[in-house]
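S.K.: Sharing a structure, written as structure tokens. Questions coming.
FYI, it's all coordinate maths here, none of it is from the lab. These numbers come from a predicted model, not from an experiment. We place every Cβ from the backbone using ideal geometry, glycine too, and count neighbours over all the protein chains shown.
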Amino acid sequence: MRHDYLPDTLPHREEQIRQVGEIVAPVLKGARCSNVFIYGKTGTGKTAVTKYVLSHLETKAKEFNAPVKFCYINCRVVGSEYRVFARLCQSVGVSVPFTGLSVGEVFERFRASLDSSHIILIVALDEIDSLIKMRGDSLLYELTRINETLTKSKTSLIGISNDLRLKEFLDPRVFSSLSEEEIVFRPYDAYELRNILLDRAKIAFFKDALSDSALSLCAALAAAEHGDARRALDLLRVAGEVAERKSTTIVSEEHVREAEKHIEHNRVVEALKNLTLHSKLVVLSVYHLKKADAHQANTGEIYEVYTEICGELGVSPLTQRRLSTLVNELDSMGLLNARVISMGRYGRTKKIRLEMARCLIKDVLSSDDRVGRLTDYDPRCLSKNTRNKS
């Protein structure tokens, strides 16, 4: 029931497995395969399909005695260009210190060692969007150009992204090199999620320990949100844990409902804790406007408070356009609600409000070393905003 479990079969992803398999198959004949970019929302099977195909390809490579290696990296976990290149170095047998070298030096060591290895290396970069948004696309630029300097080895990339708008963050030259082929994973529907849960439940639960209604409810709740298989599996797992704590022999709908409340609370807390600094400052800006009885704020009002908070913290504020992008990201995460409304002959404007309780924001961010003190901060512009409204 955990995310890192890779089942023997992946129901309702047969077509995507075939597509990825056909793209990477040429490496078995010693030819470099195309770079591929895989898009899809969280929990649509992108990582599972990639690992599934690469594990089977590894078996075939040993069978055919093909000089093929694979390196899977979760960019959200690794978190920096240096550590990505360090992980790539490890994959070709080069040890580099945890820190202390320049990124360029680590990349050069990787390139030199790869070329002397006489192999085809397939690099799978999962959640690459998180790294690009924080660090830019220089990492991808180096990797998409590396074959131009290799004489004895070759490399291909598999990029996996949760953000369908990733093209907006990439230099056109990088994107044209990286996205030689693209695959989009659609969300699962309720029927497909039920089949996935049923397959896992046969292994994870004792016979007759899970009611059909609980299984169907988990699938329906996850399908209604984003078609997220991870959410469906989490719901069922936590529902089982809830039932076990209550010494109940059968998991029921009631346990699923209780699990949903528990997961939703934890999801918001984890999402808030893991936001980048400027995203936290945007949330804090909306938080302070809400405290000043501004139930819905526009981007201009948020930017005014945001720049003042940045000044208090001693960091350089982003542009208003970049702030709008962060608001959209927070909206897609479900932390903010941003909707465009018509103002008649005055045009349209975007109204933004919190999607969580203010007390939850204060509880989570108060413990943050950098922004904790700002939860009680009273920006001067708030009084002006309040006067304008009155």
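S.K.: Using square roots of five times the C-alpha gyration tensor eigenvalues, list the equivalent-ellipsoid semi-axes of region 190-230 in whole Å, biggest first. The partial results should precede the final answer.
M.R.: Numbers: eigenvalues 67, 21, 9 Å².
Taking √(5λ) for each eigenvalue gives 18, 10, 7 Å, largest first.
S.K.: Right, another one. I need the fraction of alpha carbon pairs in region 14-185 separated by more than 21 Å, rounded to a whole percent. It would help to have the intermediate numbers written out before the result.
M.R.: Numbers: 6598 of 14706 pairs.
Cα-Cα pairs in region 14-185 separated by more than 21 Å: 45 percent.
S.K.: Which residue, 33, 75, 359, tops the fluctuation ranking in a GNM of the chain built on C-alpha contacts under 10 Å?
M.R.: 359
S.K.: Only bridges whose two residues both fall in the chain count here: according to DSSP, what percent of them are antiparallel, nearest 5?
M.R.: 25
S.K.: Starting from the alpha-carbon convex hull of the chain, give the projected area averaged over all orientations, in nm².
M.R.: On the way: hull surface 94.2 nm².
About 23.5 nm², averaged over all directions.
S.K.: Further question on the same structure: Hey, any idea what the orientation-averaged projected area of the convex hull of region 190-271's Cα atoms comes to, in nm²?
M.R.: On the way: hull surface 20.0 nm².
Mean projected area of the Cα convex hull: 5.0 nm².
S.K.: In whole Hz, with x marking every Gly and Pro, tabulate ³J(HN,Hα) for region 233-240 from phi via Karplus 6.51 cos²θ - 1.76 cosθ + 1.60, θ = phi - 60°.
M.R.: 5, 4, 4, 5, 4, 5, 4, x
S.K.: Another question about this same structure. In whole Hz, what ³J(HN,Hα) sequence does region 31-46 give by Karplus (6.51, -1.76, 1.60; θ = phi - 60°), x for Gly and Pro?
M.R.: 9, 6, 8, 5, 5, 9, 10, 10, 10, x, 5, 4, x, 9, x, 4
S.K.: Running a GNM on the chain with Cα contacts under 10 Å, which residue among 63, 108, 254 ends up with the highest mean-square fluctuation?
M.R.: 63
S.K.: Any idea how far the Cα center of region 352-374 sits from the one of region 62-94, in Å?
M.R.: Here the answer is 37 Å between Cα centres.
S.K.: Once both labels are modelled 7 Å past Cα along the beta-carbon direction, what's the residue 224-residue 249 spacing in nm?
M.R.: Between residue 224 and residue 249, the simple spin-label model gives 3.1 nm.
S.K.: Something else now. Mind listing the phi-derived Karplus ³J(HN,Hα) values for region 98-104, rounded to whole Hz, using 6.51, -1.76 and 1.60 with θ = phi - 60°, and x for any glycine or proline?
M.R.: So the Karplus estimates, Gly and Pro as x, are 4, 7, x, 9, 6, 4, x Hz.
S.K.: Can you give me the C-alpha center-to-center distance between region 112-169 and region 1-47, rounded to a whole angstrom?
M.R.: Spelled out, the Cα-based centre of one part sits 17 Å from the other.
S.K.: Select from 222, 204, 48 the residue whose mean-square fluctuation is largest in a Gaussian network model of the chain (Cα-Cα springs shorter than 10 Å).
M.R.: Of 222, 204, 48, the most mobile in the Gaussian network model is 204.
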